[in-house]
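So the structure is just underneath, and the comments pick up after that.
Quick note: the coordinates plus some simple rules give every number you see, no bench work behind them. Quick caveat: nothing in here was measured; it's all calculated off a predicted structure. Positions of Cβ are generated from backbone atoms using ideal geometry, with glycine treated the same way; all protein chains shown enter the neighbour counts.
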Amino acid sequence: MKSFARLRNFPFWSWLWFVLGVLYFVLPLFATLEFSLGMERDVISLKAYQRAFADPKFWQTFGYSVFLAAMTIIVSIILIVPTAYWIRLRLPEARRIVEFITLLPFVIPAIILVFGLIRVYSTPFHIPFTNIYLGQPLTNFKFGTIFLIIGGYMVLGLPYMYRSVDTGMRTVDVRTLTEAAQSLGANWFVVIVRVILPNIRTALLSGSLLTFAIVVGEVVLASFLGVQAFGPYLFLLGQHRAYEPAALTFTTFLLTWASMGIIQLVTGGQGQTAGAH
Amino acid sequence: MAHLTLSHVSKHFGNFSAVRNFNLEVERGEFVSFLGPSGCGKTTTLRMIAGFETPTSGKIAIDDLDITDKAPSQRNVGMVFQSYALFPNMTVAQNIGFGLRIRKEPEEAVKKRVAEMLALIHLEAKGNSYPYQLSGGQQQRVALARALAIRPQVLLLDEPLSALDAKIRVSLRAEIRAIQRELGITAIYVTHDQEEALSISDRIVVMREGEVDQIGTPFEIYNFPKTRFVASFVGTLNTAVAEVLDPAQGLLKMNGNLLQIADRLNGKVKGDTVMIAIRPERLSFLSEGKKENTLEGRVENITFLGSVVRIQLNIGGTAFNMDTFNRPSLRLPEIGDTVRVTCSPKAVLILTE
């Protein structure tokens, strides 16, 4: 009787959807892993991984993408944190506009963005309505291209970074903490660096991780701007090889999980740090 | 020379006038409370002193130095917030030392001052704790220590006890007052709790709809309220309309009962009406031989409030409360009984609107 009652209370549909969801995410991953380990016939081996890691192009492109991701994250934080902070503190009426802008990368494909960038920055800078030229087109030299691609990546990561930062600021009483710091003599810079940033570090890490994931795997911008990044490398590798791309894809997943673990490690044990209370 | 001066200070938010023509002079070491209901402008005034709001007009000065347009970080003013506002990422000691480190004081001096402040708030053992590891009362004591650590010229407290439970509120307000007296610091305290304001302050500023209604000592505010609002906001009050019978003698008629007041009714003529007020504790049962200010009423309800018993009376259609000490020898009437009560002429207050 008791076990029947327990069976009746069992949330069957909840579990069914949960299991289906897990299978949807885990099965492709498992298939990728299994495929990546099957380079040698009838033997489970790490050969695909060894080959992939042995390719100097891999390290070169991956290192370059990590550098681009790091630069994108730094620039994003420098621009987005003060913006979100100011909107929360002084311009709450502008939030809707800014949120709309941050959502634009979801509706405007990367291909449009990159063509726009190329169209605007592949011509020399000149003062409008004059023939006075101020400089070379950004697409003509390496630093200019890096500048362009970081800008583009920042736009692609904008929804994730802005929303993470904004959510983080929602969990702390930004206004009161700011006023408390100001009454103790802190200027704006000190308030942001020593009070606001440390209290939204979980949100910053989340935003940074998402930006990192987007930048490292990004293909369109890098391909069209001719940047030797990891995304185009993986794409090309997939056209010529079978097992190595699977190995690298699974490695990328591991990297993401490692990043999530780091977030837990850094933020865990802090307890309830957020809020003015 | 006053330590803190607010001269003709006003603040408008668009069409809304939050504070109008606020004038106040606070002496060094004085404890002044801003008392009033929500939206009366008390917090806005405090925020103008702190520098978080800029007055639309008027002047704020500390020791005759105009600070009206100075940034909050440029004023040497300490602030304690209702929500504590401790920095969650810093330990108690780091919170207290924050302002000193901003001022680039030597590390040794910072550590010494932090230790002094921790001793002052009796939290010496909590220096390495994080705010979330402390109770609400402890967090507010840390917030107080942090505000005091920078040796501010004026200490501002914005409803600092509102988020705490009743028992801690009482003990902490006594502690705040003791610390303020010990350091001799000038303090402005915002509260909507009249008991808090009465118990802690040297002077009280009662505010209503952006204006000052009355400034006075707790004794003056409670016993001699100038307006009906002050009288009703501070303590419990019986109010009624009375007719002037003899202005020179201070004789009134209220619901058929004759009332004698202590002063002459200057500016009034026979037949005018005035608003009178009597505190519940100033009424007592009529004793033998006493004749003046006799009011007859019917007992509507009797409520025990611990040390006090409140008797609700209907005097000629007007509800009156009478408070009497709850002692074993007390003989109470029954509900529905007709009783006669009295008060001294000094207990009858004449209120303005």
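Structure notes:
- Linear extension gain, A:Arg119 paired with A:Trp15, 0.36 nm per residue minus alpha-carbon span: 32.3 nm
- Charge dipole magnitude, Cβ of K and R +1, D and E -1 - chain B, Cα centre, debye nearest 20: 380
- Ordering B:His122, B:His192 by the number of other Cβ atoms within 10 Å of each residue's own Cβ, fewest first, gives B:His122, B:His192.
- Relative to the dominant Cα principal axis of chain B, helix B:107-120 is inclined by about 30°.
- Partner lysines whose Cα lies under 22 Å from the Cα of B:Lys104, excluding those fewer than 8 positions away in the same chain, are identified as B:Lys70, B:Lys112.
- Among B:Phe219, B:Val205, B:Pro247 the positive-end extreme of the charge dipole of the stretch B:179-253 (Cβ point charges): B:Pro247
- Amide H contacts under 5 Å for B:Thr68: B:Ile60, restricted to partners 5 or more places along the chain or on a different chain, H placed in the peptide plane at 1.01 Å from N.
- Prolate/oblate/rounded label for the stretch B:189-313 (Cα gyration tensor, a/c 1.5): oblate
- Compactness of the stretch B:1-136 - radius of gyration and Dmax, Cα, Å: 17.7, 51
- Lys, Arg +1 and Asp, Glu -1 on Cβ, resulting dipole of the stretch B:205-353 about Cα centre, debye, nearest 20: 300
- Using a cutoff of 8 angstrom between alpha carbon atoms and counting only pairs six or more residues apart, the relative contact order for the stretch B:205-314 works out to 18 percent.
- Simple spin-label estimate for B:Glu108 and A:Ile132 in nanometres, 7 Å along Cα-Cβ: 6.0
- Neighbour-count order for B:Glu196, B:Glu220, fewest beta carbons within 10 angstrom listed first: B:Glu220, B:Glu196
- Shape call, the stretch A:1-141: gyration tensor on alpha carbons, a/c limit 1.5: oblate
- Peptide A:172-180, shielding by other chains (average Cβ, 10 Å cutoff): 6
- The fraction of Cα-Cα pairs per 5 angstrom bin, counted from 0 for the stretch B:251-301, comes to 4, 14, 26, 27, 15, 10, 4, 1 percent, rounded to whole percents.
- Counted charge near A:Tyr162, where neighbours are those whose Cβ lies closer than 15 Å (Asp, Glu -1; Lys, Arg +1): +3
- Karplus-derived HN-Hα couplings along the stretch B:237-253 (A = 6.51, B = -1.76, C = 1.60, θ = phi - 60°), whole Hz, x at Gly and Pro: 9, 9, 10, 7, 8, 10, 9, 6, 9, 9, x, 5, 8, x, 10, 10, 10
- With N as its number of residues, chain B has a Cα radius of gyration that, divided by 2.2 N^0.38 Å, comes to 1.20.
- Packing rank of A:92-100, B:129-137, B:197-205, A:53-61, where each peptide gets the mean count of other beta carbons within 10 Å, highest leading: B:197-205, B:129-137, A:53-61, A:92-100
- Radius 11 Å from Cβ of B:Ile121, net charge of other residues (Lys, Arg +1; Asp, Glu -1): 0
- The B:Asp246 and B:Asp337 beta-carbon pair, evaluated with R₀ = 22 Å, returns a calculated FRET efficiency of approximately 0.10.
- Debye, to nearest 20: dipole size of the stretch B:58-186, +1 on Lys, Arg Cβ, -1 on Asp, Glu Cβ: 180
- Karplus-based coupling profile of the stretch B:27-34, in residue order and whole Hz: 7, 4, x, 7, 10, 10, 9, 9, with θ = phi - 60° in 6.51 cos²θ - 1.76 cosθ + 1.60 and x standing for Gly or Pro.
- Taking amide hydrogens as placed 1.01 Å from N in the peptide plane, the amide H of B:Leu157 sits under 5 Å from those of B:Val80, B:Ile188, B:Tyr189, B:Val190, each at least 5 positions away in sequence or on another chain.
- Here's the picture: charge each Lys and Arg Cβ at +1 and each Asp and Glu Cβ at -1 in chain A, and of A:Ile77, A:Gly217, A:Phe12 the one pushed furthest to the positive end of that dipole is A:Phe12.
- A full extension of the chain between B:Lys59 and B:Lys167 corresponds to an added length of 35.0 nm, given 0.36 nm per residue minus the alpha carbon distance.
- Across the stretch A:71-142, C-alpha contacts under 8 Å between residues 6 or more apart give a mean separation that, scaled by the residue count, equals a relative contact order of 16 percent.
- Average Cα contact separation per residue, the stretch B:67-152, under 8 Å, 6 or more apart, as relative contact order %: 47
- P(r), alpha carbons of the stretch B:217-261 - 5 Å bins starting at zero, rounded %: 5, 20, 21, 17, 22, 13, 2, 0
- Full extension of the chain between A:Val66 and A:Phe189 yields a length gain of 41.5 nm, computed as 0.36 nm times the residue separation minus the alpha carbon distance.
- A crude spin-label estimate for the pair B:Arg151 and B:Arg264, with each label 7 Å from Cα along the Cβ direction, gives 5.6 nm.
- Taking label positions 7 Å along the Cα-Cβ direction at both B:Met275 and A:Leu23, the computed distance is 7.6 nm, reported to one decimal.
- Anisotropy class of chain A from Cα gyration tensor, a/c 1.5 cut: oblate
- For the Cα trace of the protein assembly as shown, dividing Rg by the Kirkwood Rh returns an Rg/Rh value of 1.16.
- Separation of the alpha carbons by more than 29 angstrom is noted, of B:Lys270/B:Lys346; B:Lys11/B:Lys268; B:Lys268/B:Lys346; B:Lys42/B:Lys226; B:Lys59/B:Lys226, for B:Lys11/B:Lys268.
- The phi-based Karplus calculation (6.51 cos²θ - 1.76 cosθ + 1.60; θ = phi - 60°) puts the 3J(HN,Hα) values of the stretch B:261-274 at 10, 6, 10, 6, 9, 5, x, 10, 10, 4, x, 5, 10, 9 Hz, whole numbers, x for Gly and Pro.
- Top positive-direction residue, dipole computed over the protein assembly as shown with Cβ charges, set B:Phe233, A:Ile44, B:Ala166: A:Ile44
- As computed over the stretch B:105-144, the Cα convex hull volume per residue (Å³): 73
- Computed FRET value (nearest 0.05) for A:Thr251 with B:Asp193, which takes r as the C-beta separation and R₀ as 45 Å: 0.10
- Here the stretch B:109-257 is treated as an ellipsoid with the same Cα gyration tensor; its semi-axes, largest first and in whole Å, are 43, 15, 11.
- Per-pair calculated FRET efficiency, R0 = 45 Å: B:Ala119 and A:Ile78 via Cβ, rounded to 0.05: 0.60
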